[in-house]
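A short write-up of the structure that comes next.
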Amino acid sequence: MRIDLHTHSLVSDGTDTPTHLVRKAAAAGLDAVALTDHDTFDGIAEAKLAAEALGVEVLGGVEMSTQLGGKSVHVLGYGCDPHDQVLLEELARVRVGRSDRVPAMVARLTELGLPLSVDDVLAQAGGASLGRPHVADAMVAKGYVARRDEAFERYLYEGGPAYVDRYCTPLSAAIDLIHEARGVAVLAHPWGRGRREDLPEPYLAELANEYRLDGVEVDHPDHDDATRAELRALASALGLLATGSSDYHGLGKTRNPLGVFTTDPDVYAEIGRRIRARGGVA
Ligand code: AMP
Ligand code: ZN
Ligand code: FE
Ligand code: FE
């Protein structure tokens, strides 16, 4: 059984509809896929419908934008009740923050000599969860940069010349919200892209022991081989589930093809057991 537990559709910053994403997952030989759009459950119903006809399992997920000491940390929630009002309100608050910063980002870019409008950015978005990738896509459309990557490397990186901060849920609160919505909480790519210093071992231990974090994403394109080996050993020592995923974004990220990393079927089964035991949607 091949299982990919982290993918994005155009409901957030991927480029496939949920239906196309599930079809591509089946074509890539995956048996199960989790749709984990940023800060929204909007694509899950469509993905599950598409999955029925294809014999693929879809696990409903969300990738929450959280912060720890002002640094961005992503947390995956699996099997949450998509009608949980408290979680829905928090996700809506984060999405408002996503939209509200767009005028400031296009103003910065315009000052930098790259005129862009909010409408140019909205034209790139397929859903309610707006992000820097849509700003990047608008810059590509204008010919300012060749690819999303280049927009991030030159302008949009955290602290970059066109970067504008936004509201993110405090990390520990996000884990609690996922649990209260009867889901399973997994830290996404914790040691990727220079994040390791933000999430050192003692802090991961605290998340495991005090916040009952369920797992960490070990196998991910942002982790090199040595990092994966160290993180796998740490997860095992802390009793955390270790997952593996692509973080597929369609055409939006080239190093993340579907199924490039996968999750052990036993770990997937344990995630399903926990979701069912908590009353979530497995
Ligand atoms: P935001 O959601 O607005 O904070 O933007 C962050 C998102 O941009 C991440 O979740 C990634 O999906 C994407 N991203 C981050 N860095 C890059 C990059 N170098 N190239 C393409 N996409 C990126
Ligand atoms: Zn993304
Ligand atoms: Fe992420
Ligand atoms: Fe992601």
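Since every read-out is calculated from the coordinates, none of them should be taken as a lab result. None of the values given here were measured: they were computed from a predicted structure. Every residue, glycine among them, receives a Cβ derived from its backbone with ideal geometry; neighbour counts consider all protein chains shown.
Quick notes on this structure:
- Axis angle, to the nearest 10 degrees, between helix 132-141 and the longest C-alpha principal axis of the chain: 40 degrees.
- Burial order of peptide ranges 271-280, 239-248, 18-27 (average beta-carbon count within 10 Å, highest first): 239-248, 18-27, 271-280
- Amide H to amide H distances under 5 Å link His189 with Glu217, where only residues 5 or more positions off or on other chains count and H is placed in the peptide plane.
- Principal-axis analysis of the Cα atoms of the chain puts helix 225-238 at an angle of about 50° to the longest axis.
- Residues in region 93-102 carry Karplus couplings, in order, of 4, 5, 5, 4, x, 4, 6, 5, 8, 4 Hz; the curve used is 6.51 cos²θ - 1.76 cosθ + 1.60 with θ = phi - 60°, and Gly or Pro positions show x.
- Expressed to the nearest 5 percent, the antiparallel share of DSSP beta bridges inside the chain is 40 percent.
- Under Karplus coefficients 6.51, -1.76 and 1.60, residue-wise ³J(HN,Hα) of region 144-149 in Hz, glycine/proline x: 6, 9, 7, 9, 3, 3
- Length-normalised contact order of region 1-117 in % [C-alpha pairs under 8 Å, at least 6 apart]: 19
- For the chain, relative contact order (Cα pairs under 8 Å, six or more residues apart, normalised by length) works out to 24 percent.
- Of all DSSP-defined beta bridges confined to region 1-102, some 50% are antiparallel rather than parallel.
- Residue exposure sequence - Asp219, Asp214 - by fewest surrounding Cβ within 10 Å: Asp219, Asp214
- Relative protection proxy for 8-17, 186-195, from highest mean packing down: 8-17, 186-195 (other beta-carbon atoms within 10 angstrom).
- Normalised contact order of region 171-282, rounded percent, pairs of Cα under 8 Å and 6 or more residues apart: 26
- Other residues lying with their Cβ under 13 Å from the Cβ of Ser12 contribute a combined charge of -4, Lys and Arg counting +1, Asp and Glu -1.
- Look at Asp39, Asp149 and count the other Cβ atoms within 10 Å of each Cβ; fewest to most, that gives Asp149, Asp39.
- Charge tally for Asp81 (other residues, Cβ to Cβ under 11 Å; Lys, Arg +1; Asp, Glu -1): 0.
- Exposure here means at most 14 other Cβ atoms within 10 Å; with GluC sites (Glu not before Pro) in a DSSP loop as sites, the longest stretch of the chain lacking them is 1-157.
- Against the chain, whose longest principal axis comes from its Cα atoms, helix 44-54 is set at around 60 degrees.
- Electrostatic dipole magnitude of the chain [Cβ: Lys, Arg +1; Asp, Glu -1; Cα centre; debye, to 20]: 320
- The 3J(HN,Hα) values that the Karplus relation (6.51, -1.76, 1.60; θ = phi - 60°) gives for region 64-70 are, in residue order, 7, 7, 10, 9, 10, x, x Hz. Gly and Pro appear as x.
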